[in-house]
């Protein structure tokens, strides 16, 4: 998609004479891979845009400049230092190749800006009088301090470009001055929108694929759990039969042959036992397994149905993306390549996003306050002694292991009653009292929570504490999880 050497020749034939002798009055870097030189010549201002993007390296005039970042990048700052106010002595194509040299003079100092527009290795180099590289836009084949040498020129028989042959196109009469540059600007703008759309489509498809894979994995896990729990369907009867014959079962048996009171014929049934457990413990184990079965029958089918609906929505979304539907409008893009992320930057961004993780769980209370809940001992310590302030409220399930909970009160002097109950529910939920569903919760201000020296992370002493008795309310917990 790079410009051909023939197209670059046509561009320079239109602008070279006009720009020679002009003064560079402003330099901008609208994105990480391109610069715009604002050149004042013959009483007019021209915007010369040079891009070293690996997909679409190019050079042409702009009818209007692009918006720029608030802080100029380092390469832009270096160009301003050396070229701002300089006069453009010459702009020429080197050896009829896709390389353009801009020679600039500022007082007695001469600098050369070389635009290497050859394929994916396109780059911009700032050279001193000895052709030594002073700055580069991208880290490619030459580094700062290297002597600039022309790259190996491709044979004309294998050199190619996707540019339309502009010389074969007839310029309409209303194109005005510099018709080739104007046409290139319009064509590249259209091409960039197309590439940007494809880029967004690929990103959305990749995200959709990850979500489908993750959702399918969750669905398979829940279905496998439900199938595994089904084997405990008759464990209630086994527990009852063991209970009725508990006094007749010796210890360390691997099975018990008992009378089946659920059978009208009152036959016998063999129940497997764990020899390492007592008969009473084996009985309780059967009751616990049946309780798990009941919980699974109550909770898993609605979850499976909900996940199936999510999977159906994701599948339909994938079909729309493949048909190029529901893609965002890219016409508002401030810079033509701002939506085209460079490969290097894209990799770094993905790594940062992958490593991004909240240091603790976050919930939003009924009154809109943030509640932090630690996931482990390290997060408990981070939440209590780093994230929370002295006036924030601290909570913990009384007398058992559990998560630290902090209510970030901000400028408030008191904690609303509903928020207090929300935080207490979370403290009880993420503690060893979750199974019982009720218990005491201690609370105090964070400034009254102190570390215990020599103890593991998360071990604290608290003073001026108060307690409240909490019974878990499913509706309140459901609201908190939805507002997470």
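So which of 126, 78, 84 is modelled with pLDDT of 90 or more and closer than 22 Å to residue 12 by Cβ? Before the answer, list the steps.
Values: 78 fails: closer than 22 Å to residue 12 by Cβ; 84 fails: closer than 22 Å to residue 12 by Cβ.
Answer to the selection: 126.
Quick check: anything in segment 69-79 touching a strand residue (DSSP E or B) at 6+ places or on another chain (Cβ under 9 Å) and part of a strand (DSSP E or B)?
Within segment 69-79, not a single residue is touching a strand residue (DSSP E or B) at 6+ places or on another chain (Cβ under 9 Å) and part of a strand (DSSP E or B).
Residues being out of contact with any strand residue (DSSP E or B) (no Cβ under 7 Å at 6 or more places or on another chain) and either in the same structural domain as residue 193 (by TED's automatic domain parsing) or crowded, with 18+ Cβ neighbours inside 10 Å (or both): count how many of those fall in segment 15-35. Let's see the steps before the verdict.
Start the filter on segment 15-35 by keeping residues that are out of contact with any strand residue (DSSP E or B) (no Cβ under 7 Å at 6 or more places or on another chain), which leaves 17, 31-32.
If we keep only those that are either in the same structural domain as residue 193 (by TED's automatic domain parsing) or crowded, with 18+ Cβ neighbours inside 10 Å (or both) too, we end up with 31-32.
Within segment 15-35, residues that are out of contact with any strand residue (DSSP E or B) (no Cβ under 7 Å at 6 or more places or on another chain) and either in the same structural domain as residue 193 (by TED's automatic domain parsing) or crowded, with 18+ Cβ neighbours inside 10 Å (or both) number 2.
Go through the residues of segment 405-412 one by one and say whether even a single one is touching a residue at least 40 places away in the same chain (Cβ under 8 Å), over 16 Å from residue 476 (Cβ atoms), crowded, with 23+ Cβ neighbours inside 10 Å and touching a strand residue (DSSP E or B) at 6+ places or on another chain (Cβ under 6 Å).
Yes: segment 405-412 contains one or more residues that are touching a residue at least 40 places away in the same chain (Cβ under 8 Å), over 16 Å from residue 476 (Cβ atoms), crowded, with 23+ Cβ neighbours inside 10 Å and touching a strand residue (DSSP E or B) at 6+ places or on another chain (Cβ under 6 Å).
Report yes if some residue within segment 439-446 is buried (at least 21 other Cβ atoms within 10 Å of the Cβ), in contact with a helix residue (DSSP H, G or I) (Cβ under 6 Å, 6 or more places away or on another chain) and closer than 16 Å to residue 464 by Cα; otherwise report no.
Yes, segment 439-446 has at least one match.
From 370, 384, 337, which residue is surrounded by 14 or more Cβ atoms within 10 Å (Cβ to Cβ), modelled with pLDDT of 55 or more and under 30 Å from residue 65 (Cβ atoms)? Quick ask: steps written out before the conclusion?
Details: 370 fails: under 30 Å from residue 65 (Cβ atoms); 384 fails: under 30 Å from residue 65 (Cβ atoms).
The unique qualifying residue is 337.
Looking at segment 17-31, is at least one residue more than 28 Å from residue 6 (Cβ to Cβ) and assigned to a loop (DSSP other than H, G, I, E, B)?
The answer is no; no qualifying residue exists.
Restricting attention to segment 91-105, which residues are surrounded by fewer than 16 Cβ atoms within 10 Å (Cβ to Cβ) and more than 25 Å from residue 183 (Cβ to Cβ)?
95, 105
When segment 262-284 is examined, which residues are found to be without any contact (Cβ under 8 Å) to a residue 12 or more places away in the chain and in a helix (DSSP H, G or I)?
Result: 281, single match.
Among the residues of segment 450-484, which ones are over 30 Å from the mean Cα position of the chain (by Cα) and in a helix (DSSP H, G or I)?
Once the filter is applied, which keeps residues that are over 30 Å from the mean Cα position of the chain (by Cα) and in a helix (DSSP H, G or I), segment 450-484 yields 474, 475, 476.
Quick check on this structure: which one of 226, 273, 204, 266 is buried (at least 17 other Cβ atoms within 10 Å of the Cβ) and either touching a strand residue (DSSP E or B) at 6+ places or on another chain (Cβ under 7 Å) or not assigned by TED's automatic domain parsing to the domain that holds residue 317 (or both)? Lay out the reasoning, then the answer.
On the way: 226 fails: either touching a strand residue (DSSP E or B) at 6+ places or on another chain (Cβ under 7 Å) or not assigned by TED's automatic domain parsing to the domain that holds residue 317 (or both); 204 fails: either touching a strand residue (DSSP E or B) at 6+ places or on another chain (Cβ under 7 Å) or not assigned by TED's automatic domain parsing to the domain that holds residue 317 (or both); 266 fails: buried (at least 17 other Cβ atoms within 10 Å of the Cβ).
Of the residues listed, the single one that is buried (at least 17 other Cβ atoms within 10 Å of the Cβ) and either touching a strand residue (DSSP E or B) at 6+ places or on another chain (Cβ under 7 Å) or not assigned by TED's automatic domain parsing to the domain that holds residue 317 (or both) is 273.
Only residues in segment 189-215 that are in contact (Cβ under 8 Å) with a residue 12 or more places away in the chain count as the first member; pair them with residues that are surrounded by fewer than 16 Cβ atoms within 10 Å (Cβ to Cβ) and outside any helix (DSSP H, G or I), Cβ under 8 angstrom, at least 6 apart or cross-chain, and list the lot.
Short answer, once both residue conditions are applied: 193/331; 197/324; 197/327; 200/327; 200/328; 201/324; 201/327; 204/327.
Is segment 414-422 home to any residue that is free of Cβ contacts under 8 Å to residues at least 60 places away in the same chain, within 17 Å of residue 360 (Cβ to Cβ) and either in a strand (DSSP E or B) or touching a helix residue (DSSP H, G or I) at 6+ places or on another chain (Cβ under 8 Å) (or both)?
yes
Which residue, of 224, 256, 206, is in a helix (DSSP H, G or I) and more than 24 Å from the chain's Cα centre (by Cα)? Give the derivation first.
On the way: 256 fails: in a helix (DSSP H, G or I); 206 fails: more than 24 Å from the chain's Cα centre (by Cα).
After ruling out the rest, the residue left standing is 224.
The values are calculated or read from the model by the stated rules, or taken from the named source; none is laboratory data. As the structure is a computational prediction, the values presented were derived from the model and not from experiment. Neighbour counts run over all protein chains shown; Cβ positions are idealised from the backbone, glycine included.
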